[in-house]
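**Student:** Quick one: the structure is below, questions incoming.
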Amino acid sequence: MYEEKIVVQNKSGLHARPASQLVELSQQYRSDVTILTEEDEINAKSIISVLAGGVLPGTEITLQVEGVDEAEAGAALSRFLHHLPD
């Protein structure tokens, strides 16, 4: 399993545009992609789950990726989350 802690650094958190980009990227991989916050477990392949997660700027999240392409998916999703668009 790929796992990494990341602090959301952009000005708006996971609002509509970066949330949809995250879901689109997650869906390119066969692995399960989960984002953990203190309060929620978010399915990164579901736009409803990502938006309902309410990830705000400064939130520490844990990215978990598990499956056949977890290393590749984890690296790509980590890059995206470290450089979230505003």
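The values are calculated or read from the model by the stated rules, or taken from the named source; none is laboratory data. Everything numeric in this text was worked out from a predicted model, so none of it was measured. With ideal geometry, Cβ positions are generated from the backbone for all residues, glycine too; neighbour counts draw on all protein chains shown. Ligands, DNA and RNA are stripped out before the accessible areas are found, and what is left, the full protein with its side chains, is counted by its heavy atoms. Shrake-Rupley method; radii C 1.70, N 1.55, O 1.52, S 1.80 Å.
**Student:** Count the net charge of all other residues whose Cβ sits under 13 Å from the Cβ of Asn10, scoring Lys and Arg as +1 and Asp and Glu as -1.
**Tutor:** Details: positive: Lys11, Arg17; negative: Asp86.
Result for the neighbourhood of Asn10: +1.
**Student:** With +1 on each Lys and Arg Cβ and -1 on each Asp and Glu Cβ, and nothing else charged, work out how big the dipole of the chain is about its Cα centre, in Debye to the nearest 20.
**Tutor:** Values: 6 positive and 14 negative charges, 80 e Å.
For this selection, approximately 380 debye.
**Student:** Next question, about the same structure. Can you give the net charge of the other residues whose Cβ lies under 12 Å from the Cβ of Gly67, counting K and R as +1 and D and E as -1?
**Tutor:** Result for the local shell: -3.
**Student:** For the chain, what is the accessible area per residue in Å², given a 1.4 Å probe and the full set of protein chains? Don't skip to the answer; put the middle values down first.
**Tutor:** Values: 4790 Å² over 86 residues.
Heavy-atom SASA per residue in the chain reads 56 Å².
**Student:** If you roll a 1.4 Å probe over the chain with all protein chains in place, what percent of the accessible area is carbon or sulfur? Each step should come with its number before you reach the end.
**Tutor:** On the way: 2290 of 4790 Å².
Using a 1.4 Å probe with all protein chains present, the chain comes out at 48 percent carbon and sulfur.
**Student:** I would also like to ask the following. Quick check: residue separation of Glu72 and Gln28 times 0.36 nm, minus the Cα distance between them. What number comes out in nm?
**Tutor:** Working: separation 44, 0.36 × 44 = 15.84 nm, distance 1.08 nm.
Extra length from Glu72 to Gln28 when fully extended: 14.8 nm.
**Student:** Of Val65, Pro85, Ala44, which is farthest along the charge dipole of the chain in the positive direction, counting Lys and Arg as +1 and Asp and Glu as -1 at C-beta?
**Tutor:** Pro85
**Student:** In deg cm²/dmol and to the nearest 500, what is the mean residue ellipticity at 222 nm of the chain if only DSSP H runs of at least 4 residues count, each as -39500 (n - 2.57), divided by the residue total?
**Tutor:** Values: 3 runs with 30 residues, N = 86.
Per the formula, -10000 deg cm²/dmol.
**Student:** So, counting K/R as plus one and D/E as minus one, what does the shell of residues with Cβ under 14 Å around Ser26 add up to? Each step should come with its number before you reach the end.
**Tutor:** Working: positive: Arg30, Lys45, Arg79; negative: Glu24, Asp32, Glu66, Asp69, Glu70, Glu72.
The answer is -3.
**Student:** With θ set to phi - 60° and the Karplus curve 6.51 cos²θ - 1.76 cosθ + 1.60, what are the ³J(HN,Hα) couplings of the stretch 66-76 in order, to the nearest whole Hz, using x for Gly and Pro?
**Tutor:** Whole-Hz 3J(HN,Hα) from phi for the stretch 66-76: 9, x, 5, 10, 4, 5, 5, 5, x, 5, 5.
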